[in-house]
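The values are calculated or read from the model by the stated rules, or taken from the named source; none is laboratory data. Small disclaimer: the values here were computed from a predicted structure and weren't measured. Counting neighbours? That spans all protein chains shown, and the Cβs are built from the backbone with ideal geometry, glycine included.
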Amino acid sequence: MKIERRELLRLLSVSGAASLLGLKAFRSQAQCLTTPDILGPFYLPGAPEIAQLAPDGAPGTPLFITGTVYANDCESPVPNAKVDVWHANDGGGYEDDHYRGIVLSDGNGQYAFQTILPGKYLNGAQFRPRHFHYKVSAAETELTTQVYFEGDTSIPTDPWASSPEAAERIIPLSEDAQGNLHGVADVYLDVEPLINSQEDPERYPGKPVIRHIIPNPIVEEGKVQVYLPEAASTSLQIFSLQGKLVASPVRGQIRAGGIQEWNIRVENLHGLKLQPGIYIMRLLVNGLPADAKRFIAGR
């Protein structure tokens, strides 16, 4: 089985735009919070609310980032969080009018933006590694941090990216068949989770959603939590970025309405461990696609 190209593009949109390796992989409530980093000299307040940071036709490799903003219990999504992002252009320069923007997390805490892979620039005698700047805020709490990319040879010589506190903010990128790059970045803010969120009609307006996938990345086994507005036959499928079905961890289970959870192993249809990379988790309800979310299968 393979997703048709149109459906794959829709899934990539749903798993992102309706919404990096998480900025903090899930470990415990005391340790999950995303660590801060320096603001840098190029922040400008009042960035536009746009999901496309790079202008049309901008040089560079297209890059799509998705993620979820979580509360300090490490699993409750934070709706309407403000995610302010800025970065250098392909040549390593910062511009006032482009390569910056604000996106808001949706009712399930998910956010997404598209841009290009940032360029490097000299900081003294050394190049700063490619990176995004993040300023994430919700409930009067604000986090300023940076995100780096696996395999960047400038990380070891950079005083901020090489810090032990930045280790889990160095994210992998996967390339699709069209040469676009994809990353997943979950942010863990020090805010309290919503009370009785599973009963909040504004947050769950009568539709099934994938609430969270933790840890992110999943190395051996993880947990998928979904919300169902009513009892239904439920399935979970895992697809590659190329749209190929690689696993079906849940098949046609009847579950009651409300919050439901499954423990899953990141194994393919033959019971072998998935190759490291970014995948799409799709939720089917009564045999029909209902929601999708990206996650990372780790080493």
Checklist entry - Quick one: how many residues across region 217-235 are surrounded by fewer than 20 Cβ atoms within 10 Å (Cβ to Cβ), hydrophobic (A, V, I, L, M, F, W, C) and within 19 Å of the chain's Cα centre (by Cα)? => result 1
Next on the checklist: Among the numbered criteria (1) assigned to a loop (DSSP other than H, G, I, E, B); (2) farther than 20 Å from L143 by Cα, which one does L63 miss?
Outcome noted: (1)
Item to check | Residues located in region 176-213, provided they are at pLDDT 90 or above, outside any loop (DSSP other than H, G, I, E, B) and farther than 18 Å from M281 by Cβ | outcome: L181, V187, Y188
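Determine whether D152 is modelled with pLDDT under 95, in a loop (DSSP other than H, G, I, E, B) and buried (at least 17 other Cβ atoms within 10 Å of the Cβ).
No, not satisfied.
Output the number of residues of region 66-84 satisfying the condition of being among the acidic types (D, E) and either in a loop (DSSP other than H, G, I, E, B) or under 21 Å from M281 (Cβ atoms) (or both). First the steps, then the outcome.
Here is the first cut: in region 66-84, the residues among the acidic types (D, E) are 73, 75, 84.
Next cut, either in a loop (DSSP other than H, G, I, E, B) or under 21 Å from M281 (Cβ atoms) (or both) only: 73, 75.
Qualifying residue count, region 66-84: 2.
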Item to check | Test set (1) modelled with pLDDT under 85; (2) in the same structural domain as I259 (by TED's automatic domain parsing) - L228 fails condition number | outcome: (1)
Next on the checklist: Looking only at residues that are over 21 Å from D176 (Cβ atoms), surrounded by 13 or more Cβ atoms within 10 Å (Cβ to Cβ) and of a type in the set (V, I, T) in region 238-266, which one is modelled with the highest pLDDT?
Outcome noted: V250
Checklist outcome for this item: Taking region 267-299 and the residues there that are within 18 Å of the chain's Cα centre (by Cα) and of a type in the set (V, I, T), the one that is modelled with the highest pLDDT would be I280
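List the strands (runs of 3 or more DSSP E) that sit entirely inside region 226-299 and contain at least 2 residues that are in contact with a helix residue (DSSP H, G or I) (Cβ under 9 Å, 6 or more places away or on another chain). Walk me through it before giving the result.
Working: elements: 232-240, 245-255, 258-265, 277-285, 288-297.
Those strands (runs of 3 or more DSSP E) span 258-265, 277-285, 288-297.
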